[in-house]
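Working notes, beginning with the structure itself.
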Amino acid sequence: VSTYRFLHASDLHLDSPLLGLSRYEGAPVAEMRGATRRALENLVDLALTERAAFVLLAGDIYDGPWRDFQTGLFFVRQMARLREANIEVLLVAGNHDAENQMTKRLRYPDNVHVFSSARAETRVVERWGVAVHGQSFATKAVTEDLSERYPPPVSGLLNIGLLHTSVEGRPPHDPYAPCRLAGLMAKGYDYWALGHVHQQEVLCSAPWIVFPGNLQGRHVRESGAKGCMLVEVDGGAIASAVPRSLDVARWTTCCIVAPADHDADELLERFAAALRPALAAADERPVAVRLRIAAGPGLRPTDALLNELRARGTTESAGAVWLERVVVEVDVHGHPDRALGGGPSRAGPGSDAMGSQAEASEEPTGLLSALASTPVDEELRSSLRSELAGLERKLPHEVRATLAAMLGPPSDGGGASTADDAVWAGARAFLVERLSSR
Ligand SMILES: [Mn+2]
């Protein structure tokens, strides 16, 4: 076959939580739930509709070891759809799903080839006249240049290198399996199908050296369209490689300047105006928005203001906007930023994968002051409850009984139980101590 298409994707991070989203009434919770799974379904749909010859997955299929087998079962189900259509999948493990990281595993359908982590190997697919060379990560932190030991190209075939790498270092990505761009260019392959960097980037087009970026953005720093590369092969050579969007939700940052008198109506108008282009760019998808407001020192980040902004976002988008966080940037005298909503001081519901974890790099000083000052409000209390309930289900029942005795009966919304307060006080003391010692 001389003309065909294949797909190149990487960094699926299947079942990775979407970070920084606090649930509120009107937010597109259902639409964003399971976004990484929906994006993989979209990839498989694209492979089927484009009649792809094969699919390449360049590492970080999983975010880490599976919490349970559901993640693996879901992946197998999608691979089985490709098997029905006779589409082969070739994949390497990356740093997140390195061989020694995965505590649970399942056998894959026979259309899936996983490259060895022991050495670089070549998989020839006769039907398409292609040789794919690859090696999986054995451990999380692979520091040597794996590409050096990739086999020489097989003459007469289309040669593809499948590799999870930071290339010459691409901060903020961890510098795993670093290699030289010149080394990749000199290898004699036709296409380097890379993974690890979550931003789509074509480093070179002769030969092709490509990061497709991740399949679905997972926090506000992974903004814009996400998807895979659709690659055309014609007469044994790469004819084109174009990005295709597969994500089901977008992340974006909107910036506005507060009116000088901090008039709330005008502030909301400016927010609405900033939202419109972001919504248009997202093409009907739900959008998680971080709003940055440049303001004089008089703008008070109140709960009422946060909810006015949420309400306006919902109105403008018919419920497609999820206001991730509002950051008020005080533009004089170097006052520290103040954050509203989202983030560490107001963790979201812990009972599902919608994301309640704080981003690791968020300001620890902000967290410290939040911990020192935050009274235990109802939102936090109920989020703590659901977090504990989720944990509780996984415990052996004798431990569960002890825990139940410690916590007492759940408060019915209004009442503050002293057991909750004790848990909160303990958590606060622990976190303040750990954060202060840095
Ligand atoms: Mn990754």
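Once you have all Cα-Cα distances for region 221-276, histogram them in 10 Å bins from zero and send the whole-percent values. With a bin width of 10 Å, the distribution comes to 19, 26, 20, 17, 10, 6, 1. At full extension, ARG105 and GLU329 could sit 76.0 nm farther apart than now, given 0.36 nm per residue minus the alpha carbon distance.
Look at the dipole of region 165-319 built from charges on Cβ: of ALA304, ALA239, PRO175, the Cα furthest out on the positive end belongs to PRO175.
What size of dipole, in debye to the nearest 20, comes out for region 266-337 about its Cα centre when the only charges are +1 on Lys and Arg C-beta atoms and -1 on Asp and Glu C-beta atoms?
Values: 9 positive and 11 negative charges, 17 e Å.
Value, rounded to 20: 80 debye.
The length gained on full extension between ASP45 and ARG123, counted as 0.36 nm times the residue separation minus their Cα-Cα distance, comes to 25.6 nm.
The phi torsions of region 242-250, fed into the Karplus equation with coefficients 6.51, -1.76 and 1.60 and a -60° offset, translate into couplings of 10, x, 10, 6, 10, 6, 10, 8, 10 Hz, rounded to whole numbers, with Gly and Pro shown as x.
Is the C-alpha gyration tensor of region 158-244 telling us rounded, prolate or oblate? Criteria: a/c under 1.5 is rounded; beyond that, a/b larger than b/c is prolate, otherwise oblate.
In terms of gyration-tensor shape, oblate.
The simple Förster model, with R0 at 60 Å and r as the Cβ-Cβ distance, assigns GLU148 and ASP303 a FRET efficiency of 0.60. Quick check for you: which residues of region 43-59 have the amide N under 19 Å from the point 7 Å beyond the Cα of GLU84 toward its beta carbon? Answer for region 43-59: 43-55.
Computed from backbone phi, the HN-Hα couplings of region 189-194 come to 7, 8, 8, 9, 8, 9 Hz, rounded to whole numbers (Karplus: 6.51 cos²θ - 1.76 cosθ + 1.60, θ = phi - 60°; Gly and Pro given as x). By other beta-carbon atoms within 10 Å, ranking MET102, MET79 with the fewest at the front produces MET102, MET79. As a proxy for reagent exposure, ranking LYS187, LYS226 by other Cβ atoms within 10 Å from fewest up yields LYS187, LYS226.
Measuring nothing but how far apart in sequence close Cα pairs (under 8 Å, 6+ apart) lie, relative to its length, region 1-98 scores a relative contact order of 39 percent. The residues ARG325, ARG300, when put in order of fewest to most other Cβ atoms within 10 Å, stand as ARG300, ARG325. Which of the three applies to region 1-125, rounded, prolate or oblate, going by the alpha-carbon gyration tensor with a ≥ b ≥ c and a/c under 1.5 meaning rounded? Oblate. In plain terms, if you count all Cα to Cα distances in region 73-222 and split them into 10 Å steps from zero, the share in each step is 11, 38, 38, 12, 0 percent. Here the gap between ARG244 and GLN199, fully extended at 0.36 nm per residue and compared with their Cα-Cα distance, gives a gain of 14.9 nm.
Quick one: net charge of PRO259's neighbours, Cβ under 12 Å, K/R +1, D/E -1? Net charge in that neighbourhood comes out at -4. Would region 47-88 count as rounded, prolate or oblate if I go by the C-alpha gyration tensor, calling it rounded below 1.5 in a/c and otherwise prolate when a/b exceeds b/c, oblate otherwise? In terms of gyration-tensor shape, oblate. Ordering PHE211, LEU162, ASN111 by Cα displacement along the dipole of region 66-222 toward the positive end leaves ASN111 in first place; charges were set at the Cβ atoms of Lys, Arg (+1) and Asp, Glu (-1).
A Förster radius of 30 Å combined with the Cβ-Cβ distance from VAL114 to ALA30 puts the calculated FRET efficiency at roughly 0.35.
Each value in this text was obtained by applying a stated rule to the coordinates, not by laboratory testing. Since the model is a prediction, treat every value here as computed from it, not as a measurement. Quick reminder, even Gly has a Cβ in these numbers, built from the backbone with ideal geometry, and neighbours come from all protein chains shown.
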